[in-house]
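Only one structure is covered here, and it is reproduced in the block below.
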Amino acid sequence: MDGKNEFPPIEEALSEPNGLLAFGGNLKPKTLIKAYSQGIFPWFSEQEPLLWWSPNPRMVLFPEKFHVSRSFKRALKKTQYTPHFNRDFKTVIHHCAQTRKDGLGTWITQEMKVAYQKLHEMGIAHSLEIDINGKLAGGIYGIALENIFYGESMFSTQTNGSKFALYELCSYLIKNNFKILDCQAHSHHLESMGAELISIRKFKEYLPQKV
């Protein structure tokens, strides 16, 4: 990225490693909002420079296509859980930072925690928490811009905790007219729940128009 934090077109991202588009810049709210509005997200480890990605094809989940398997349907019926929105963003991102992300697999650094906490305080980053028997069982967080939700990471501390979180998030997105949940990179786990790969050209059709 240049000194003005201008991102190149996402079509210029590398095919190997898939989606690497630029490096450098910063994680200020203005930069992050601009990046996400163009279909770009940061993903790097403590030992790396700040890297920006836009994989092609893109893993997405259309909320209405969330796949409820037979086993998960049974879990939904027998498990008494309670969803919460934006109750404890800091705790959710802390738990997510303890595990690897799917796909490219890099850590959520302390710098990223601080950056997304600022976005949460601005009402742009959101979390969803799941309680089972009064204890935190799982959660998910991401960025909401217009009718697209950019999923960043999710976690479980109890069986199906993250699945309940994703299920409840999709229900929320449908009710609030979100068109798509960006899952970023491919994973078999997300694919089993209905996520699919689409071309970057198709993905661009869902990007915000007014940011």
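The values are calculated or read from the model by the stated rules, or taken from the named source; none is laboratory data. Note that the structure is predicted; figures quoted are calculated from it, not measured. Cβ: placed from backbone, ideal geometry, glycine included. Neighbour counts: every protein chain shown.
LYS135 meets all of the listed conditions (1) within 17 Å of the chain's Cα centre (by Cα); (2) modelled with pLDDT of 95 or more but one, namely (1).
Hey, GLN47 hits all of (1) assigned by TED's automatic domain parsing to the domain that holds LEU20; (2) under 24 Å from GLU191 (Cβ atoms) but one; which does it fall short on? Result: GLN47 fails condition (2) only. For the stretch 60-73, the condition of being within 15 Å of the chain's Cα centre (by Cα), at pLDDT 90 or above and closer than 20 Å to LEU27 by Cα holds for none of the residues.
Out of the residues in the stretch 119-175 meeting the condition of being polar (S, T, N, Q) and part of a strand (DSSP E or B), tell me which one is farthest from LEU61 (Cα to Cα). Within the stretch 119-175, the match that is farthest from LEU61 (Cα to Cα) is SER156.
Those residues that are over 17 Å from GLU111 (Cβ atoms) and among the charged types (D, E, K, R), I need them from the stretch 37-65; list them, please. Residues satisfying the conditions are ARG58, GLU64, LYS65.
The residue pairs whose first member lies in the stretch 16-31 and is over 22 Å from ARG58 (Cα atoms), whose second member is surrounded by 16 or more Cβ atoms within 10 Å (Cβ to Cβ) and β-branched (Val, Ile, Thr), and whose beta carbons are closer than 8 Å, counting only pairs six or more residues apart or on different chains, are GLY25/THR31; PRO29/ILE124. Residue under question is ARG87, and the condition is that it be in a loop (DSSP other than H, G, I, E, B), modelled with pLDDT of 95 or more and either buried (at least 19 other Cβ atoms within 10 Å of the Cβ) or of a type outside the set (A, V, I, L, M) (or both); does it hold? It is true that ARG87 is in a loop (DSSP other than H, G, I, E, B), modelled with pLDDT of 95 or more and either buried (at least 19 other Cβ atoms within 10 Å of the Cβ) or of a type outside the set (A, V, I, L, M) (or both).
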